[in-house]
Every structure is written in structure tokens, then in C-alpha cells.
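The values are calculated or read from the model by the stated rules, or taken from the named source; none is laboratory data. Keep in mind that what you see is a predicted model, and the values were worked out from it rather than measured. Here the Cβ positions follow ideal geometry from the backbone for every residue, glycine too, while neighbour counts run over all protein chains shown. What goes into the accessible areas is simple: the full protein's heavy atoms, side chains included, and nothing from ligands, DNA or RNA. Shrake-Rupley method; radii C 1.70, N 1.55, O 1.52, S 1.80 Å.
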Amino acid sequence: MRPAILNPLFADAKSLDGVGPKLAKPLAKLGLNTIKDIAYHLPERFVSRRAIATLDEGGEGEQVIVALTPTEHRAARNPGRGPYRVLAQDEAGNIAALTYFGRASYTAKKQLPVGEKRWVAGRLDRYGDMLQIVHPDHVETESSTLMGRVSEPVYRLSEGLTQPRLTALVEQSLGRLPDLPEWIEPGQFAKQDWPIWSQALKSAHRAPSEKARERLAYDELLANSLALLLVKADSRRRKGQALAGDGSLRAKLDLPFKMTGAQERSIAEIEGDLRQEAPMLRLLQGDVGAGKTVVALAAMLIACEAGKQAALLAPTEILARQHFETLRAMAAPTGVEVALLTGRAKGKERESILMGLLDGSIDILVGTHAIFQETVSYKDLGLVVIDEQHRFGVAQRLALAGKGKRSPHTLAMTATPIPRSLTLAQYGEMDVSRLDELPPGRQAIDTRVVAQERMEDIVAGVERHLATGQQAYWVCPMVRDSETADIAAAEARYAALKERFGEDVVLVHGQLRPEIKDANMERFASGEAKLLVATTVIEVGVDVPSATLMVIEQAERFGLAQLHQLRGRVGRGSEKSVCLLLRGNELSETGRKRLALMRETQDGFRIAEEDLELRGGGELLGTRQSGEAAFRIADLDQVQRLLPVAHADARLLIDRDGGLTSQRGEAARVLLYLFERDWGVQLLRGG
Ligand code: ADP
Ligand code: MG
């Protein structure tokens, strides 16, 4: 149970004054559902402004506060198109335009009546030969209100929120912080000269404060390390069952290829682990296409040889289906029974699967998280394989899989090559097998960067490609702020391509109904459809060997790790594959380097390491926006600097007080709940 002291922090955001359903929506969009979420929504940066008496004192691009009197309102000639401008003059008669786009013009009309002096805060820019302030941050009738805002936090927003609004909510939330017991080791706390928790949060919102942010980051890293160590300790404590395979089933496999050295080595490592009574906790790391599936199959067959069942957990319905088809086909000569269970199985179908699991007639179960629901019981589950691309979920899933009397062995698979220095943060102290050798005969993917402007040529190229009978992917970007807008863009691209290619094109994105999504995917996988237009949902893996062209729109908007994953969808057959990275006009230096690196190499481990170097590599830790990030507070730099410290501290605490029962142990429990790593604590009770 969550410690009661945390209740005020876990109260609904709607309990704040002024937050109703209307405001709760944009807050939820940012992942801000509770008081705690809002208190931890740290500023992206701070603006500091200078008060100036006249416009000519301000520099271009400078954040200023200035008194202006509106002289004229100019609506766009074509309403709804261009901006709404309010011309205003300072006391020396210099003129600036206050410029508003979209619905903000309503605010302008109200706030800036002609002839009445206002205090305006915002960024001074030049538009042609005119000064302007686009969307002023504040417009006030009194100077005093603004002078208190010389330095101000700037928060990430979503549509429907404004900076002042969010700032006020943050302040309200900070007013509700309880006093929490200190979880940081006293020596460490003193040495680092960190503020106490509540003070750290307050400081982090009110001024740039490195110490405060550092402490908050450390807290998060400590929580993570503690949770991972608890998983590890728990698995050591648990009784598993030694599984010795005699090779009889594996001998019946009739694979059309010879295993690579890396595959053989990994299987041997897994076999060694399975022979032990202590449950295996192993991570199989290998690039897209490295051949993880057959390694997983070998592991599952070992379990079957030992008379046990095995389960494979996939992150999505599509992937579960694909794994099921592949595994069933590969395993056919062995005679083991492979079944599929997803959330969509209902009624009789579901019942018969549940029966089969219970009486042991099903040997291998493939599915989504549905396979771990409480109503699903196995006769004798010996091995769980987790095919998981979203790193943070792994440990949590492990905790889940660890339920039950005798723990099954666990093999987690990831296609995200992670730099060695970050493996610890992501996976704790799991044992790692690396598939660092691709199956032979893979052709290099011809990767080219093309200006998006050349759309006509690109589409013509796709047409020539499809004419040869091969297939292609077309990926539309997901941009951070609005999923709806992204999907609209993908729909528009689909519509345009459909005019050209007719029924040969299908569309897949996250807001389609699952049946439709699967049906479209199926049409592509079967070769009936030739061109698949998708948002990044295809990232999590489909295997269509005759798809040999990939077009990625606005490639500069993707992270390197993501581009690498996407590109891995082609080059899976024996035909030569091509990847076209379309770039927009405004390419940053980092963007340019990323695309160049993509052209240069196909080695995922190298891409991961260089991404880290490039410092644009935030996405290695997941995108913060999508909520998949391992860390919400700690940035990459803090992870590298503080993780070893936090990990050592966590280790020391667990060594001394593995049950977290001492005073500091209790405080650590509070920490684990605070960062929603409480699955670590759950294990303690179950242990
Ligand atoms: P991933 O690691 O991305 O899951 P898969 O297991 O899907 O990769 O394998 C990709 C493709 O490579 C599959 O078509 C698989 O049959 C094939 N493959 C796997 N191992 C080998 C091998 N040793 N030699 C040749 N092809 C292989
Ligand atoms: Mg795979």
C-alpha cells in the first residue's frame, strides 16, 4: 500500500482550484494527472527580461518589458489566414506590431484597446522593417505585476494551456508538498550539499538551480536502481526450477539456415542459465534482423524438452500475431503445440486456450499482456520470453512474471542497441547476451538523403520500385505536440498516394480501429497491398522480406535510434534494399550529422554509441513526450554523472537492509512509490 504521507501528492489534478474537465484535458496530454505530476513538471528553461523605457533600447531577439499604447488593430485581409496585428507605440512614438495567430486574436482584441497604455512582456523581433512582438507573454495594466516577473520559468505546454496558467497551477501544487523523510544517505546528502526534497522542488521552479535539479535527478535514479536491485534480489531468493533439455526437440528443427556464431553463443548461455535452479534473468540484445526469434525458439524448446511450458510476451497485437505465425511454422517439425492469446480472444476460443494451458496440451503460448492476466493459469510455466522494445517496461514486466510459487526463467529481448555505459540504467544487473553478428548474406541498405521538396521525383521512384513487384514502406513523422495533427498528415499523404497507386496502398496508424489496422497490415504482409503508409507504429516490427524500399518523411525529426529501427524493416530479404531519408529545408547541425551517420553505417551498436556522443541522443532514453522514457527528470548528462553514485548507494542500502524496514528503508519505500517504481516494493511483500 502506498504510504499515506504521499496521498496529497497523488491527489487528482482536478483537486486544484480552477481545474475542471476542460483544463484537465490539456494537462493529461502532458502526462500531468496528479499534484505530483504537476510539481514535477520542471521548467524547460527560464526567461529573464529587461525593462526598457523605449523600444529602441531593446536589442533584436531580446526579452523585454515595455509600456505601449495601441494605436490600431489590423485584422488579416483574409480572415483565418494571416496574423492579427495590433500596432502600438512607446512613449517616444516608436511603433511596434503585436502579432497574434489563430484564436489568440480574440485575446488581443480584449486586452489591447486602442488608446490605453499597457505593460507588455515578450521577445522583441524584427519583421521586415518593423519591430514586432509575436504572442506577448504578458499584457498587464499595471507595471508592478510585471516587474515581479523579470525572471520566469518556461514550461512545456499543450494546446489549451498558457504559461501563466500552468505557472499558477505549479505554484498551487508546490503549496501542497508534504514533508517527506530523507531517503538519501546522510553522508552523501551532506557531501553534495543538496537541498531537502520539498525545497529542491520549489527551487527548481523558481530559478535556475543546478543543485536542486541534481537532487531531483538523483532521487529518480536512486528509485530506479533500488527497484532494479529489488527485482534482482527477489529473483535470487526465489526458487526456480532447473531445466535440462536433452536436445531432442531442437534436433527436429529444420531451419533453412545455419545459426550464426553469436546465435549459438547466446543459446549456450541461455542453456547454461536454465540448468540452474535460480531463475534466469537474461537480456538478449540484438539489432533488428539479428535473428532473435530463433534464439527465443531454441530457449523455449529447451523448456519443452524439460517437460515445461513457455510463454512469449509481445508488446503489440501485430507483433504477437507475427511471432505466433513464425514460431508455429518453425516449430512444426518438433510437434510442440503453439497457441496465440491476445486481448481479442473471446468466448469459446479463449476458453479452449485457457484449458489447454491448464492441462498442458499447449506447450508454447504467444501473446500480449493478456497472457499474464490473473485468470490465466499454466500447468507448469518454465520460461517467459519478453520481446520488449520499450526499455523501462522490462523490469516491471519481470516483476510481474516473477509472481507465482516457482518463478519461471526470464529472457528479455530488445532490438534497441544500448551503449554499454547505459545498460545498467536500463536493465539493472541483468546478464546480457549480445547478438553482434548479423546473419550472412545481408546486403547493405543503400541509404540516401533527399530533399523533401523533390516529392514528384520521389513518388516517381516509388512507382518504378513497385512496378518491379517489390513492396515499400512510407513513414510519416510523429511530431511532438499533436498526435491528431500527425495523423491528419499521414491521412493526407495516404490520400495523395492513393490517387496515384489506388488499391495498392494501405494505411496504418495508432488511431485506427485494431481490426482495421490488422486487416491493413495483413494485406501488406500477404503482398496484396504494395505500399504501406504508416506513422511510427511499424517501428515495433513486422517482417516483410519483399518490402525493400523505405521512405521516411522529415527524417531529421526522428532520433537516430528510431531511424535505425525503422530502416531495419527493409533489407530482410535477399534483394537489394533502399532507404530514402527525406529532409526538410531547415536542417540543424545535429540533424545533418545524424543523417550523415545513418548513411555511413548500419551497425546499431555504433549508432547508439555515436548518438550518445552527438548529444542529440536524448531519445536513447526514450522520448519524454511519449511517456516511454526511462527517466522523466534526469537528463542524459545527469544519468551519466549520477547513475553510478545512485547505483552504489542503492546497493549499499539493499545490502544492509534488503527488506527496507529500517528508518531509511521506510523512506526508500516512499521514494519508490513517489517514482511509481512500487513494483519493486510489491516484490518485498510477495517474497
Ligand atoms: P530480429 O532479431 O529482428 O527478431 P528475426 O528473428 O526476425 O530478427 O530474424 C530476421 C530474419 O533473419 C528472419 O527472416 C530469420 O528467419 C532470418 N535468420 C535468422 N537467423 C538466421 C541465420 N543464422 N542465417 C540466415 N537467416 C537467419
Ligand atoms: Mg524480432
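Results, tabulated for the structure shown:
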{"item": "Region 221-295: C-alpha gyration tensor shape, a/c 1.5 cut-off, then a/b vs b/c", "result": "oblate"}
{"item": "Relative compactness, the chain, computed as alpha-carbon Rg over 2.2 N^0.38 Å", "result": "1.07"}
{"item": "Length gained when the stretch GLU210-GLU456 is fully extended (0.36 nm per residue, less Cα-Cα span)", "result": "83.6 nm"}
{"item": "Dipole of the chain [Lys/Arg +1, Asp/Glu -1 at C-beta], most positive-end residue of GLN471, LEU497, VAL670", "result": "VAL670"}
{"item": "Radius of gyration and Dmax over the Cα atoms of region 250-435, both given in Å", "result": "15.4, 49"}
{"item": "Förster radius 56 Å - calculated FRET efficiency between GLU575 and ARG74 (Cβ-Cβ, nearest 0.05)", "result": "0.45"}
{"item": "Gain upon complete extension [GLN682, ALA496; 0.36 nm per residue less C-alpha separation]", "result": "61.8 nm"}
{"item": "Alpha-carbon centroids, region 287-346 and region 646-687: separation in whole Å", "result": "35"}
{"item": "Cubic angstrom per residue, convex hull over Cα atoms of region 446-601", "result": "106"}
{"item": "Gained length - ALA278 relative to SER352, 0.36 nm times residue gap less alpha-carbon distance", "result": "23.4 nm"}
{"item": "Accessible area of the chain belonging to carbon and sulfur atoms, whole % at 1.4 Å probe", "result": "49"}
{"item": "R0 of 30 Å, Cβ-Cβ distance SER588-GLN192: FRET efficiency to nearest 0.05", "result": "0.30"}
{"item": "Cβ charges +1 (Lys, Arg) and -1 (Asp, Glu), total dipole of the chain, debye", "result": "900"}
{"item": "Listed residue (ALA96, ALA76, VAL150) projecting farthest to the positive dipole end of region 45-154, Cβ model", "result": "ALA76"}
{"item": "DSSP-defined beta bridges in the chain - what % are antiparallel, rounded to 5", "result": "35"}
{"item": "Between region 87-145 and region 25-47, the alpha-carbon center distance in angstrom", "result": "28"}
{"item": "Most positive-pole-ward Cα, TYR106, ILE52, VAL139, against dipole of region 45-154 from beta carbon charges", "result": "TYR106"}
{"item": "Partners for LYS202 among lysines (Cα-Cα distance below 26 Å; same-chain residues under 8 apart left out)", "result": "LYS14, LYS25, LYS29, LYS36, LYS191, LYS211"}
{"item": "FRET efficiency for ARG344 and ASP254, using Cβ-Cβ distance with R0 set to 25 Å, rounded to 0.05", "result": "0.20"}
{"item": "Spin-label pair ASP655/GLU528, simplified geometry with 7 Å Cα→Cβ offset, distance in nm", "result": "6.2"}
{"item": "Virtual paramagnetic centre 7 Å along Cα→Cβ of ARG50, amide N under 13 Å, in region 104-136", "result": "124"}
{"item": "LYS25 paired with ASP446, simple spin-label distance in nm, labels 7 Å along Cα-to-beta-carbon", "result": "4.9"}
{"item": "Residue-normalised accessible area of the chain, given per residue in Å² at a 1.4 Å probe", "result": "44"}
